[in-house]
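To start, the structure itself, in structure tokens.
The values are calculated or read from the model by the stated rules, or taken from the named source; none is laboratory data. Predicted model, so just to flag it, every value in this text is computed and none were measured. Ideal geometry is used to build each Cβ from the backbone, glycine not excepted, and the neighbour counts take in all protein chains shown. Surface areas here come from the heavy atoms of the whole protein model, side chains and all, with no ligands, DNA or RNA. Shrake-Rupley method; radii C 1.70, N 1.55, O 1.52, S 1.80 Å.
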Amino acid sequence: MEKTTLVEQLKTQIIEALLLEDLTPADIDPAAPLFVEGLGLDSIDALELILLLEKQYGLRVEDPKERRDALQSVNAMADYILSHTKNEG
Amino acid sequence: MHAYLNAAGLISPQRTFENDFSCTLNTQGAAILPAIEPDYKGLINPVQLRRMSRILKLGTAAAQLCINNAGGRQPDAIIVGTGLACVNDLEVFLKSVIETDEQGVSSIPFINSLHNTVAAQVARTLKIQSYNNTHCHRGASFENALLDALMLLHEKEHRQILVGGIDEFSRHYYNLLTTKVTSGEGAGFFLLSDLPAGENSVKISAVRTFYAPGEDFIPRFLAEQHTPVHHLDAALLGMNGAPGDDALYRRLIDCLFPPGTPLITYKHLCGEYPTSSAFALALAARAIAAGAFPPPAILRPGKPATPHKVLIYNHYQNCNHTLILVEKAGLM
């Protein structure tokens, strides 16, 4: 999957998983930080995003540092998914 | 033990969230009375709002209304009574457990499904970092929360306690009931203190709960409170329209309350639910402060023009019987 397509798909999935009813995909800057700044997400949201990666993409992110890097932004999530699904393939 | 009720916030099937206790909304013949909800965005931080289920919104908004009505006074402790708690969210959580075969269950339905979630959320919102308790005792849940508050105030552990009674309509629970009556829901929060805050403060003189009591528990309770029946300015009764349930109230009307005692009912205004006595307490407090009960609540008018001392009697499915004695602050 192309990264741009994946980024748009992730935005929709994040809005649904985190109940961000007031946002549309266009409101989310893929380069902006997900936590504190940007969307202002918190630790409960982090759990939901980890679950999203597991459920939607079959990826278990168990290493804390890897998890922190993967959840930096929507772009970082897309990069993590692409690199790990390519490696598996 | 007693406490002063210094402010209230009530979300109910009437327009009480606007502090309108006229109770004029016609609820005749309705099977379910849903709460009329305020615009939550004016009462709850939008960041917190997004993860809240309906009962959390009801509870948090009612608590905030109470604090607003108290002029922003900060409570030291929070105590909540709830019969069914977050039962609708529990259903969502259990369904997700089954659907995912216990693997990868989302945390939000779990957090929202706990019995003490409302008290926790209110405490988080209002930054109450001390005593925090939730009582779940079917139809006596709210009264147990009140008793807890009265004891804390008596022991002088805390000076301002936020006490709530909250329940949300549950379709599954309703379907399980063998006797169908008009079902309701609501969230009522009260700021209780050891001192009155103003001329609209109401004194909660006594609270008592009974399980399957004998015949004369009300006269005995009134005797303990040195309150002869003819000193009551009104009796607020939890009649719900079910002949079996109402027979107990009818017997009292015939045998205990003299014809001059005004009789007030409230479940035709808010519906039946385990913590409906929170609605009754708010109604009584408002009537004592305003000098009259709203006409739609009056079952039998009586002599006294202004209610100063009111007995609230409710029973839930003839198991939990509860009495709350409230009076104008400053009465001897």
Item checked: Candidates B:ALA212, B:ALA235, filtered to the one that is of a type in the set (Gly, Ala, Ser), in the same structural domain as B:ILE312 (by TED's automatic domain parsing) and at pLDDT 95 or above -> B:ALA235
Next item on the list: Please identify the pairs in which a residue from region B:104-120 that is more than 19 Å from B:ALA61 (Cα to Cα) has its Cβ atom under 8 Å from the Cβ atom of a residue that is part of a loop (DSSP other than H, G, I, E, B), counting only partners at least 6 apart or on another chain.
Entry: B:ILE108/A:LEU19; B:ILE108/B:ARG51
Check: What number of residues within region A:32-53 satisfy the criterion of being assigned to a loop (DSSP other than H, G, I, E, B) and open to solvent by less than 70 Å² (accessible area, probe 1.4 Å)?
Finding: 7
Margin query: For B:SER53, only one of the following conditions fails: (1) within 28 Å of B:LYS309 (Cβ to Cβ); (2) open to solvent by less than 50 Å² (accessible area, probe 1.4 Å). What is its number?
Written below: (1)
Notebook entry, point to check: Is one or more of the residues making up region A:78-87 assigned to a loop (DSSP other than H, G, I, E, B), open to solvent by less than 60 Å² (accessible area, probe 1.4 Å), more than 13 Å from chain B (Cβ to nearest Cβ) and modelled with pLDDT of 95 or more?
Noted result: no
Note to self: Among the residues that make up region B:123-131, is at least one of them in contact with a strand residue (DSSP E or B) (Cβ under 8 Å, 6 or more places away or on another chain) and open to solvent by 40 Å² or more (accessible area, probe 1.4 Å)?
What the structure shows: yes
Checklist line | Hey, B:GLY184 touching a Lys or Arg at 6+ places or on another chain (Cβ under 8 Å), open to solvent by less than 10 Å² (accessible area, probe 1.4 Å) and not polar (S, T, N, Q) or not | finding: yes
Next item on the list: All but one of (1) within 14 Å of another protein chain (Cβ to nearest Cβ); (2) touching a strand residue (DSSP E or B) at 6+ places or on another chain (Cβ under 6 Å) hold for B:SER107, so report the exception by its number.
Entry: (2)
Checklist line | Residue within region A:69-77 that is surrounded by fewer than 18 Cβ atoms within 10 Å (Cβ to Cβ), more than 13 Å from chain B (Cβ to nearest Cβ), out of contact with any Asp or Glu (no Cβ under 6 Å at 6 or more places or on another chain) and β-branched (Val, Ile, Thr) present | finding: no
Check: Any residue in region B:61-78 that is over 24 Å from B:GLU157 (Cα atoms), in contact with a His (Cβ under 8 Å, 6 or more places away or on another chain) and open to solvent by 40 Å² or more (accessible area, probe 1.4 Å)?
Finding: no
Margin query: Just checking, does region A:29-45 include any residue being more than 10 Å from every other protein chain (Cβ to nearest Cβ) and of a type in the set (Ser, Thr, Tyr)?
Written below: no
Checklist line | Failed item, numbered, when B:LYS57 is tested on (1) closer than 29 Å to B:LEU195 by Cβ; (2) of a type in the set (D, E, K, R); (3) within 14 Å of chain A (Cβ to nearest Cβ) | finding: (1)
